[in-house]
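Taking it in order: structure first as structure tokens, then the write-up.
Each value in this text was obtained by applying a stated rule to the coordinates, not by laboratory testing. The structure presented is a predicted model; accordingly, all values stated were derived computationally and were not measured. Methodologically, a virtual Cβ is constructed for each residue, glycine included, from the backbone with ideal geometry; neighbour enumeration extends over all protein chains shown.
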Amino acid sequence: MKNTGDAFINRTSSLIVLISSIVMIAFMVTGGCEGDGGGTPPSATGFPPECNGTFDVDLSCPASSLSGSTCLPYVCDIVDDTGNSPEIVDTTTIIFGKSCTQADCFTLECQDIFNGPVIDADAATIVIESVSGTPVGGDVGGKVFQGTPDGRIIIDNEEFTLDCNAIVVP
């Protein structure tokens, strides 16, 4: 009988050690009761934490907001509206904070933003006239979360309409 009791105690103690080990490992992985797992988790939007705070576009100075946004790739159409019906000339994806610098509150000077099939230019000037359909201006207050800018784009002394219509979100 002594062997049966010892076997039961050994199994019970092994089970307690196993459960305790699993709980300890779980706490280490999650960082404890209120930890962050020891690492830096991605933000709730799926972007790294350094992107937080860079998604709002200020309506009174949109160029400043966009030139600081290195996390959002905007998909923009370049439209020729000089004829009877507007025609999309090219489509490009722009990360404003990586390719553009602020000239004033409404103007961005951009380099290497053309990845579409038609336009072959090194630089462009973008004048922002609205964000997500809301006109911009020094007297306009507020911000638009992930606002898409629209306005004019000047390429090789030719002026086109810039229509940013999407943001690529991971």
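Points worth noting:
- Each of S85, S65, S132 was scored by other Cβ atoms within 10 Å of its Cβ. Listed from fewest to most, they are S85, S132, S65.
- Sorted by Cβ neighbour density within 10 Å, fewest at the top, the residues S130, S69, S64: S64, S130, S69
- Approximate spin-label separation R152-N165, in nm, with each point projected 7 Å along Cα-to-Cβ: 2.2 nm
- Each Lys or Arg adds one and each Asp or Glu subtracts one; over the other residues with Cβ under 11 Å from the Cβ of S65, this totals -1.
- In nm, spacing of pseudo-spin labels at S64 and I9 (7 Å Cα→C-beta vector): 7.5 nm
- In plain terms, the residue of V118, V136, V57 with the fewest other Cβ atoms within 10 Å comes first and the most crowded comes last, giving V118, V136, V57.
- Taking label positions 7 Å along the Cα-Cβ direction at both V75 and Q111, the computed distance is 2.8 nm, reported to one decimal.
- Modelled FRET efficiency - R0 45 Å, D120 with D56, Cβ distances, 0.05 increments: 0.85
- Estimated FRET transfer efficiency (S132, I88; beta-carbon r; R0 25 Å; 0.05): 0.80
- Placing +1 on the Cβ of every Lys and Arg and -1 on the Cβ of every Asp and Glu, with no other charges, gives region 49-167 a dipole of roughly 500 debye about its Cα centre.
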